[in-house]
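Have a look at the structure below before the remarks.
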Amino acid sequence: MLRTAGRGTTPVAGQSPFHGVCWPDLLRGPLTDEAAVSDTPRPGSNAMNEVPGSSLPAPEPVRIGIVSVSDRASRGVYEDQGLPALRQWLERALHNPVHFEERLIPDEQERISATLIDLVDAAGCHLVLTTGGTGPAPRDVTPEATLAVAYREMPGFGEQMRQIGLRFVPTAILSRQVAVIRHGSLVINLPGQPKAIAETLEGLKDAEGGTAVPGIFAAVPYCIDLIGGPYLETREAVCKAFRPRDARRPARPE
């Protein structure tokens with residue numbers, strides 16, 4: 001809540017009309033004040049997109065863990081493409097200022113589970129997205145590692161991801177992506193290819209630009225609401241989040 005001088009107070013000559021406003025209150029959200037201040041956004045990032053004169057409060061900050069699971073990329077055999085693809089899509093889709101926790105790790109079940117626990121329990125991520133390691137090959141163990149740390153499974157996310165993939169290739173039925181809840185965090189396995197990551201999150205458009213097949217991210221903000229996380233605000237040109245009418249806040253200008 002903004003704290004200002006009481007009614008009837010006469011401003012001092014030359015004094016800013018905003019004298020007495022407690023600006024740090026605007027930063028308070030699910031993160032601590034210290035975290036909100038220390039995670040200063042880069043110029044040009046989402047946090048700098050406030051519309052001058054807007055009466056809406058600043059978007060709530062959010063912590064997101066992004067994990068690329070790959071034996072060869074983690075050894076430096078080739079450059080990882082999963083982390084940049086995840087980061088770029090999220091920065092494009094969200095109004096919220098995002099603090100990213102990035103991890104590049106091999107296909108080792110215990111290592112993956114330990115990374116997810118660290119991101120949720122220690123780093124305090126509200127959302128964790130993984131890419132890679134979800135096929136039927138012996139080294140593909142990301143789903144097992146994710147389920148091992150889960151408090152609840154959210155099967156609808158995996159079901160929809162396979163439906164999207166089947167629009168392109170019949171082998172999408174071999175994918176084993178899962179989504180789970182641990183504490184107050186949503187953890188989702190995504191495909192390994194950057195193009196498939198964007199299609200899965202964003203969904204598919206028809207010839208007129210409307211939604212032909214909904215992407216999974218449309219349901220993510222409300223899920224995070226329900227488990228006690230920050231209010232995620234999406235750019236509707238990228239992904240229109242769905243919430244019940246009584247859970248919506250005023251829309252932010254694009």
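Each value in this text was obtained by applying a stated rule to the coordinates, not by laboratory testing. Quantities reported herein were computed from a predicted structural model and do not represent experimental measurements. Neighbour counts run over all protein chains shown; Cβ positions are idealised from the backbone, glycine included.
Numerical summary
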{"quantity": "Residues located in the stretch 208-243, provided they are under 16 Å from Pro97 (Cα atoms) and of a type in the set (S, T, N, Q)", "calculated": "Thr234"}
{"quantity": "Strands (runs of 3 or more DSSP E) completely within the stretch 59-166 that count 1 or more residues being surrounded by fewer than 21 Cβ atoms within 10 Å (Cβ to Cβ) and more than 17 Å from the chain's Cα centre (by Cα)", "calculated": "98-105"}
{"quantity": "Some residue of the stretch 171-194 being loosely packed, with under 14 Cβ neighbours inside 10 Å, of a type outside the set (Val, Ile, Thr), out of contact with any Phe, Trp or Tyr (no Cβ under 6 Å at 6 or more places or on another chain) and not in a loop (DSSP other than H, G, I, E, B)", "calculated": "no"}
